[in-house]
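Here's the structure, in C-alpha cells; my notes come after.
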Amino acid sequence: MHALGYPNGDFSERELRLGYSCALSGDRGFNTKKDTALQLRRIYVPDDADRHELLVKTSGL
C-alpha cells in the first residue's frame with residue numbers, strides 16, 4: 001500500500017515504518033514543497049461540480 005487517508009491528519013513514526021509514501025490529512029488547502037508527504041491537504045470539490053468549478057477550485061482562484 002502506498003497511500004493512506006486519515007480524517008484528523010495525525011501521523012507518527014508508525015506510518016513511516018509501515019512504508020506509506022503519502023497520506024491525506026483532513027486539512028483543506030493547497031500543498032507546497034515545504035509540506036510533508038504524510039500530511040497532504042485536500043481540496044473540497046462537490047460531487048455535482050462541473051468541469052469549470054473543478055478548474056476554479058484546483059487553480060486557487
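Just so it is clear, none of the values below were taken in a lab; they were calculated from the coordinates. All values reported here derive from a predicted model rather than from experimental measurement. Neighbour counts run over all protein chains shown; Cβ positions are idealised from the backbone, glycine included.
The table for this structure:
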read-out	value
Ile43-Leu16 FRET efficiency (beta carbon distance; Förster radius 35 Å; 0.05 resolution)	0.90
Using alpha carbons only: equivalent-ellipsoid semi-axes of the range 3-59, gyration tensor based, whole Å	26, 12, 9
Proximal charge balance of Leu4 [Cβ under 15 Å; K/R count +1, D/E count -1]	0
Proximal charge balance of Arg41 [Cβ under 10 Å; K/R count +1, D/E count -1]	0
Estimated 222 nm signal from helices in the chain, with DSSP H stretches of n ≥ 4 weighted -39500 (n - 2.57), rounded to 500	-6500 deg cm²/dmol
